[in-house]
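Trainee: Before we start, here is the structure in question, set down as structure tokens.
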Amino acid sequence: MQCIPPDPDFDDGQLAEKSVWDSLKADLPEDVVLAHSVQVRHGRAEHEIDILVLWPGVGLAAIEVKGGQITNDHGQWFQSGGKDGKHKLRDPLAQSQSSAHAFKNWLADQIGTPLTSRFIYMAAFPYSVMSPDWVKSGSPRALFLAQEDLGNAAEKIRQAIETEGGGTVPLAASFLERIVPRLEGGLDQAETSATGYEEDEDKQDHLTERQSVLLSATRSLRRIRFTGGAGSGKTWLAVEKARELCRSGKRVGLFCYNKGLGMHLINQVGRWRSAKPAFTGEFHEYVQSLGIPSGEGQDYFDVEMPRMLKELASTLRREEKFDAVIVDEAQDFAPGWWDALRSCLKDPDASEIYAFMDDRQDVYKRWDSAAAIPGLIPIHIDDNLRNTKKIAETFKSFAGERFTPRGSTGLAVRRVECSEGEALDVASDCIDALIDDGWANNQIALLTTNSRHPIHRDFFESGKIDEYWREFHANEREFYGHVLGFKGLERSVVILCVNGFRDMERAAERLYVGLSRARTLLVVVGDSGQLREAGGNELDLALSRSLKWSPYKD
């Protein structure tokens, strides 16, 4: 016998329904379909059929079940038993009739064909006795299943359908097959590695938003260095701090170093309806917006450009200067940049400064980032919120001893073994395999540690770097990047292509950035020996627990 659901969960208040269900299940033929608690909404009216019988070759029966002792006094139905004592009861047969009519109309709308099969509405009182001679106008005894009828329920239901039911024909087996899927309401989910990733990432977003308590707790402090590991929500905090200051009427500058992160900040601020920062984006773009010419070479960016800005700042009107500056990925800012930024404050010694940084992601290693911004109160953010625990565990050795993963457990990190020379091709093939596995292409980023992927290189060499980053933020396709340009950014899936390192002394920091950019699934492609040399024994141990995977089907 087919039951819908296969094993109903009867609670303590449904023992009468369970009694009738068990009796029908034992007595009815195997080809009958038995459904429990069929909810029907037709128009604004809501109905429930306690038990619905669909009997091929016979017809349908909607059964309203009432427990306790059922009595009728001068036309009024009563129910006794339980904590409520004796109380009035709506006519059970009328209730069943309304539910049956609603189901019939709903089914006609669903199938597009009127239900012409015989259909009866009934009431069952499994704990009450009814005389065979009982009579009530409009309520034939044949439409009731009392305690003494349950041993012969199948015959009682058949007789009721055939002698009292509306409709003209028996229920055809082919018509039954059209009804059942609408009762079951099957809802399948593709079983892929991508299944359920949205819930994990929603949890990450929720955990990140709870970090706002840090902003509330430190609101009386005017100069702070927020220091935290990868995935601690520093960028979110930087944007929220900017929003808070702008709402209070202050002139704010929101800065970063990389173009990709700069566009992200601009997009976030662009969603605000009012009170936006006076400037949002890359530091050197701010400098150029003031008329200072662009130059070339590291010495120009680290020394000459900030020197010219500092000179220009002395000529700016007070209303052109900032009440507060906020810097994300602050470890990337050269000491001269900080001196120049202070010059752009209305009060260089007292105006607000907020730096969000991770010393361990200082991949450039050109200066002591903490010493570059003295006088800021350190606030530590130890929790990892933006990665699953499986991902966070791979880079925990880089993040410091107080680093604490708080996300969901998540999917196993995937490990693809190959040589340095093969890494680019194998990583590219991983994209196709992941798409076949259920991931959308716009959820995937491929990041290299050394030379750029050919698609990335084409953008760079053609001078279309702005278009390149706009395409990333449009979130329309897979992304090809380098770990150095992806700091502060993330995607659901990251393929870290370890295709060598230009400088092994900085390899660990590059691995730290690359390993921490995935929110849900991390795929590490490369040579184990090279990874061990660059990341140390702790990374090697963490990756030994990963899932050995190949993008190539057997």
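The values are calculated or read from the model by the stated rules, or taken from the named source; none is laboratory data. A quick note: this is a predicted structure, and the numbers were derived from the prediction, not measured. All Cβ positions, even for glycine, are placed from backbone atoms using ideal geometry, and neighbour counts span all protein chains on display. Accessible surface areas use protein heavy atoms only, side chains included; no ligands, DNA or RNA. Shrake-Rupley method; radii C 1.70, N 1.55, O 1.52, S 1.80 Å.
Trainee: With charges set only on the Cβ (+1 for Lys and Arg, -1 for Asp and Glu), what does the dipole of the chain come to about its Cα centre, in debye to the nearest 20? It would help to have the intermediate numbers written out before the result.
Mentor: Details: 67 positive and 85 negative charges, 407 e Å.
In total the dipole reaches around 1960 debye.
Trainee: Projected onto the charge dipole of the stretch 163-253 (+1 at Lys/Arg Cβ, -1 at Asp/Glu Cβ, origin at the Cα centre), which of Leu183, Ser232, Gln204 gives the Cα projection farthest towards the positive end?
Mentor: Among Leu183, Ser232, Gln204, the one farthest towards the positive end of the dipole of the stretch 163-253 is Ser232.
Trainee: Counting Lys and Arg as +1 and Asp and Glu as -1, what is the net charge of the other residues whose Cβ lies under 11 Å from the Cβ of Ser397?
Mentor: Details: positive: Arg360, Lys396; negative: Glu393, Glu401, Glu538, Asp540.
In short, -2.
Trainee: Can you list the HN-Hα couplings for the stretch 121-133, worked out from phi with the Karplus curve (6.51, -1.76, 1.60; θ = phi - 60°), rounded to whole Hz and with x for Gly and Pro?
Mentor: Values, residue by residue: 10, 9, 10, 10, 10, x, 10, 10, 9, 10, 4, x, 9 Hz.
Trainee: Could I ask something else about it? So what is Rg over Rh here for the stretch 171-272, counting just Cα atoms and using Kirkwood for Rh?
Mentor: 1.31
Trainee: Rounded, prolate or oblate: which fits the stretch 371-465 when a ≥ b ≥ c are the square roots of the eigenvalues of the alpha-carbon gyration tensor, with rounded for a/c under 1.5 and prolate only if a/b beats b/c? Kindly include the intermediate steps, with their values, before the conclusion.
Mentor: Values: a/c = 2.22, a/b = 1.39, b/c = 1.60.
It is oblate, given that a/c is not under 1.5 and a/b is not larger than b/c.
Trainee: Across 10 Å bins from 0, what is the distribution of all Cα-Cα pair distances for the stretch 445-505, in whole percents?
Mentor: 21, 57, 20, 1
Trainee: Something else now. In nm², what is the average projected area of the convex hull enclosing the Cα atoms of the chain?
Mentor: Its Cα hull, projected and averaged over all orientations, spans 36.0 nm².
Trainee: To continue, here is another question. Ordering Asp11, Asp383 from largest to smallest accessible area (1.4 angstrom probe), what's the sequence?
Mentor: Most to least solvent-accessible, the answer reads Asp11, Asp383.
Trainee: Using only Cα atoms, tell me the angle between helix 173-184 and the longest principal axis of the chain; keep it within 0 to 90° and round to the nearest 10.
Mentor: For helix 173-184, the angle is close to 50 degrees.
Trainee: With a sphere of radius 14 Å drawn around the Cβ of Ser343, what net charge do the other residues whose Cβ falls strictly inside it have (Lys, Arg +1; Asp, Glu -1)?
Mentor: After counting each charged neighbour, the total is +2.
Trainee: Identify all lysines with a Cα-Cα distance to Lys396 below 21 Å; exclude those on the same chain that are fewer than 8 residues away in sequence.
Mentor: Counting by Cα, and skipping residues close in sequence, Lys396 has these lysines nearby: Lys203, Lys234, Lys365, Lys487, Lys548.
Trainee: Give me the three principal axis extents of the stretch 78-157 from the C-alpha atoms, as integers in angstrom, largest value leading.
Mentor: Here the spans come out as 44, 30, 24 Å, largest first.
Trainee: Compute the angle between helix 92-111 and the longest alpha-carbon principal axis of the chain, please, reported from 0 to 90 degrees and rounded to the nearest 10.
Mentor: 60
Trainee: Additional query: PRE reach from Asp359 (point 7 Å along Cα→Cβ): which of the stretch 321-343 fall under 13 Å by backbone N?
Mentor: 331
Trainee: Can you work out ³J(HN,Hα) from phi for every residue in the stretch 268-282, in order, using Karplus 6.51 cos²θ - 1.76 cosθ + 1.60 and θ = phi - 60°, giving whole Hz and x for Gly and Pro?
Mentor: 5, 5, x, 7, 6, 7, 7, 6, 9, x, 5, 8, 9, x, 6
Trainee: Mind checking the full-extension length gain between Thr315 and Ser212? Use 0.36 nm per residue of separation minus the Cα-Cα distance, one decimal, nm.
Mentor: Answer, rounded to one decimal: 33.4 nm.
Trainee: Once amide H atoms are placed 1.01 Å from N in the peptide plane, what residues at a sequence separation of 5 or more from Gly57, or on another chain, have their amide H within under 5 Å of its amide H?
Mentor: Long-range HN contacts for Gly57: Leu171, Ala172, Ala173.
Trainee: Among bridges DSSP assigns within the chain, what percent are antiparallel (round to 5)? The partial results should precede the final answer.
Mentor: Values: 23 of 84 bridges.
Taking every DSSP beta bridge with both residues in the chain, the antiparallel ones total about 25 percent.
Trainee: Something else: For the stretch 4-131, what are the per-bin percents of Cα-Cα distances with bins 10 Å wide, up to the bin holding the maximum?
Mentor: Percent of pairs per bin, in order: 12, 40, 35, 12, 1.
Trainee: Residues with beta-carbon under 12 Å from that of Glu467, excluding Glu467: net charge, scoring Lys, Arg +1 and Asp, Glu -1?
Mentor: Details: positive: Lys259, Lys464, Arg470; negative: Asp458, Asp466, Glu471.
Here the count lands on 0.
Trainee: Moving on. Per residue, what accessible area does the chain have, given a 1.4 Å probe and all protein chains present, in Å²?
Mentor: The answer is 46 Å² per residue.
Trainee: Using only Cα atoms and rounding to the nearest 10 degrees, what angle (0 to 90) does helix 153-164 make with the longest principal axis of the chain?
Mentor: 80
Trainee: Right, here's the next one. Rounded, prolate or oblate for the stretch 409-554? Axes are the square roots of the Cα gyration tensor eigenvalues, ordered a ≥ b ≥ c, and the cut-off for rounded is a/c under 1.5.
Mentor: Oblate, since a/c reaches 1.5 and b/c is not below a/b.
Trainee: On to the next question. Using only the heavy atoms of the protein chains and a 1.4 Å probe, how would Lys346, Lys464 rank by accessible area, largest first?
Mentor: Output order, biggest surface exposure first: Lys464, Lys346.
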